[in-house]
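This report concerns only the one structure given below.
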Amino acid sequence: TEACQVYGIDNAGGNIRDASKFACHGTAIGTVPVGSQLKRRGARPGDILISIGECGLFATAYLKGKKYGFDKLSEFDKMRLIRPQARIREMQLLHSHRLITAASDNSDGVLGTVWNIAEASECSIEIDMRPETLPDSVVRAASEFGYDPWNLMFFWGDWQVIAAIAGDKIKDFWRIVDKNHIPVQPLGRCCEGPPQLVGVSAGRKHRLKLLRNENF
C-alpha cells in the first residue's frame, strides 16, 4: 500500500489469510503507449552502459546485518534491506528525453541483466573492471567480510535498472542526472561483435562467466 501511494498506483485489493509462514505475491497491470516501449533490444555499438541506482549496497547491508544484527545497522542500511526504491520516476524522466536505447531491471544480478541487453541487442558488452570504479562502501565490506568486491558489486537486491545510453547523448544524460540528483554507476560500453560479456582491467580483456542470482 505504501509503495502504491508513493508511485501513484491503484491498489485493487487482495486476500489476507492465516498461514504457517509469510508469502507475498503481486500482479501489476498497466498500459504503454504504442511505440514508446523501452525494451532490452536496441543497444548499439558506442552506447554507454549505466546502472540507474547504486550497485552493491544491498549486499553490503545484508552482510553487516547478518554479522552485527539488524538493530545495529545505520538507518541507511536498514532502508536498503526493508525499503527498496524502484527507479520508475528516474527511468520515466530519462526515457522522455530519448536518451535510453535499451534497458533491463536487475532482478537476478547485474551480469545477468547486462547479458539480457547483450543477447537481445546482439552486441558485445565490455564491463569496466578497474578497481577504482568500485564504490568505497563495497570495497570496505568486501575486505571486512572476506569477499571479492566484484561479487558484491554484481549482486542483486539494489532494485536498479541497467540501461544503455545513446553514445551521442551522453552529455545530455549527465546534465539531467546531475540536475535531478539521480544515483548512477557507470558500468561499461556496448561494442561490435556477437553477444558476450567482456571484463576490461589494466588494458586487458577477458570473457566473463555469466552468473545469475536466480530468484524466480
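Available extension along the chain between residue 10 and residue 191 is 61.1 nm, counting 0.36 nm per residue and deducting the alpha carbon span. Excluding same-chain neighbours fewer than eight residues apart, the aspartates and glutamates reachable from residue 66 by a Cα-Cα span under 18 Å are 75, 77, 144, 148, 158. The P(r) of the chain has a tail past 29 Å containing 30 percent of all C-alpha pairs.
Taking the empirical scaling 2.2 N^0.38 Å for compact globular proteins as reference, region 154-216 has a Cα radius of gyration ratio of 1.37. Per residue, the chain reaches -9500 deg cm²/dmol at 222 nm when only DSSP H runs of four or more residues are counted, each adding -39500 (n - 2.57). Could you tell me the calculated FRET efficiency between residue 24 and residue 89, based on Cβ-Cβ distance and R0 = 25 angstrom, to the nearest 0.05? So the FRET efficiency works out to roughly 0.60. Under a 5 Å amide H cut-off, with hydrogens placed 1.01 Å from N, residue 102 pairs with 164 among residues at least 5 apart or on other chains. The aspartates and glutamates whose alpha-carbon is closer than 12 Å to the alpha-carbon of residue 169, local same-chain residues fewer than 8 away aside, are 47.
Both numbers refer to the Cα atoms of region 67-120; Rg and Dmax are 15.7, 44 Å. Treating only the Cα positions of region 12-71 as identical point scatterers, give the base-10 log of I(q)/I(0) from the Debye formula at each q in 0.25 Å⁻¹. Treating every Cα as an identical point scatterer, log10 I(q)/I(0) equals -1.07. For region 33-103, the equivalent ellipsoid derived from the Cα gyration tensor has semi-axes of 34, 14, 9 Å, listed largest first.
Checking every one of the trypsin sites (Lys or Arg not before Pro) in region 71-114 against DSSP loop status and a limit of 15 other Cβ atoms within 10 Å picks out 98. Which FRET efficiency value, to the nearest 0.05, is calculated for residue 3 and residue 174 with the Förster distance at 25 angstrom and r the Cβ-Cβ distance? E between residue 3 and residue 174, to the nearest 0.05, is 0.30. Across the alpha-carbon set of region 78-160, the Rg to Rh ratio works out to 1.00, Rh being the Kirkwood radius. In summary, region 102-216 shows an alpha-carbon radius of gyration equal to 1.08 times the 2.2 N^0.38 Å reference for compact globular proteins.
Bridging of residue 67 to lysines at a Cα separation below 26 Å is possible for 21, 78, once same-chain residues fewer than 8 apart are set aside. Taking GluC sites (Glu not before Pro) as exposed when their DSSP state is a loop state and no more than 12 other Cβ atoms lie within 10 Å, the longest site-free interval of the chain runs over 1-121.
Values in this text are rule-based calculations from the coordinates and carry no lab data. Small disclaimer: the values here were computed from a predicted structure and weren't measured. When we count neighbours, we look across all protein chains shown, and the Cβ atoms used for this are built from the backbone with ideal geometry, even at glycine.
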